[in-house]
1. Of everything in region 101-157, what is more than 16 Å from ligand 2 (Cβ to nearest atom) and in a strand (DSSP E or B)? Give them in sequence order.
2. Would you check which residues across region 269-292 are open to solvent by less than 40 Å² (accessible area, probe 1.4 Å) and assigned to a helix (DSSP H, G or I) and list them?
3. Is it the case, given these coordinates, that residue 191 is at pLDDT below 95 and open to solvent by 10 Å² or more (accessible area, probe 1.4 Å)?
4. Inside region 225-268, can you point out the residues that are within 16 Å of ligand 2 (Cβ to nearest atom), outside any helix (DSSP H, G or I) and buried (at least 23 other Cβ atoms within 10 Å of the Cβ)?
5. Is there any pair with a first residue in region 151-173 that is of a type in the set (S, T, N, Q) and a second that is at pLDDT below 95 and open to solvent by 20 Å² or more (accessible area, probe 1.4 Å) whose Cβ atoms are under 6 Å apart and which are 6 or more apart or on different chains, and what are they?
Amino acid sequence: MVGRAADVCSGLSSGRVHWPGVTGAGEENGPPAAERGPSTDALGAAAPGAATAAEGSDQPIVSARDLRRRFGEGEAAVDALAGVTVAFPQGRFAAIMGPSGSGKSTLMHLLAGLDRPTSGTVTLAGQELTKLDDRALTQLRRDRVGFIFQTFNLLPVLNAEENILLPLSIAGRDVDRAWFEQLVDTVGIRDRLSHRPAELSGGQQQRVAVARALISRPAVVFADEPSGNLDSKSSDDVLLLLRHAVDDFSQTVVMVTHDAHAASFADRLLLLADGRIVHDGEGPRNAEQALDLMKAIG
Ligand code: ADP
Ligand code: MG
């Protein structure tokens, strides 16, 4: 399994499939857990649902200060982010909404270390991303960040179980079998573990992707339109799973969505417009309230 995943990953690194935790072939595995520093130990070694070092403290798990991202130069320059300062405490579920082109994806990519800001800083699990070189950044993403994409991004040649375990295979980390079993039951795909993605419905594929995002007990899960390609029943299943991960596993989730109904599963709503945060508040209690807030910003 490990060898097979590694083969697949060298294919991935050539850019065929987007998998943020993977860089070029031949990258060594990360250091053993004991050498990864206190923040990794504190969070990474916690039992499912157990309190972690950051829990209860005021220390945000992800934060950004005066984040700016400019694309292009001169006349054609676009300020996708024009000064965003935001913090995400542990164990909370935040939704980011905003009109198309408002900077949602740019913000998520910067927070997750998939892109670098023009200026400003991002701190994730105690590490300032802007200070890390590409290799360290890749390792941090791999070990501390879970990703869920609109298009599922499962590896077609791996079955559901192998896809779930892929982040650990890539990192050379041991599988916590009890946690794996718990996740499999939580996402409800036990009878599909030996199936490949093509043999699964969209909803089942996304539930596999949710388990994959959670298997490494990341500091934060970033979800980019996780329900965007699903029918309403499967969409609710996935959103409820994220809600459950926050409530019962103290997982931190940051979700970008166009969908006011999806946003209503979160306990915080951020609205972006023209690269700035124009609303940051509790809720939304329901889709209507999220839509009203969206309308208010134009
Ligand atoms: P959203 O996700 O809210 O739709 P984005 O973050 O994708 O918005 O984009 C914000 C702005 O930055 C848009 O004007 C977009 O065209 C621009 N932009 C995003 N990525 C790039 C890029 N790689 N090159 C040039 N412009 C970009
Ligand atoms: Mg986008």
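1. 119, 120, 121, 122, 123, 124, 127, 128, 145, 146
2. Taking region 269-292 as the starting set, the residues that turn out to be open to solvent by less than 40 Å² (accessible area, probe 1.4 Å) are 269-273, 275, 281, 283-284, 287, 290.
Hits for region 269-292 are 287, 290.
3. no
4. 226, 227, 254, 255, 256, 257
5. 169/2
The values are calculated or read from the model by the stated rules, or taken from the named source; none is laboratory data. For clarity, every value in this text was computed on a predicted model and none was experimentally measured. Note that each Cβ is placed from the backbone with ideal geometry, even for glycine, and that neighbours are counted across all protein chains shown. Areas reflect the complete protein model, heavy atoms only, side chains present, ligands, DNA and RNA absent. Shrake-Rupley method; radii C 1.70, N 1.55, O 1.52, S 1.80 Å.
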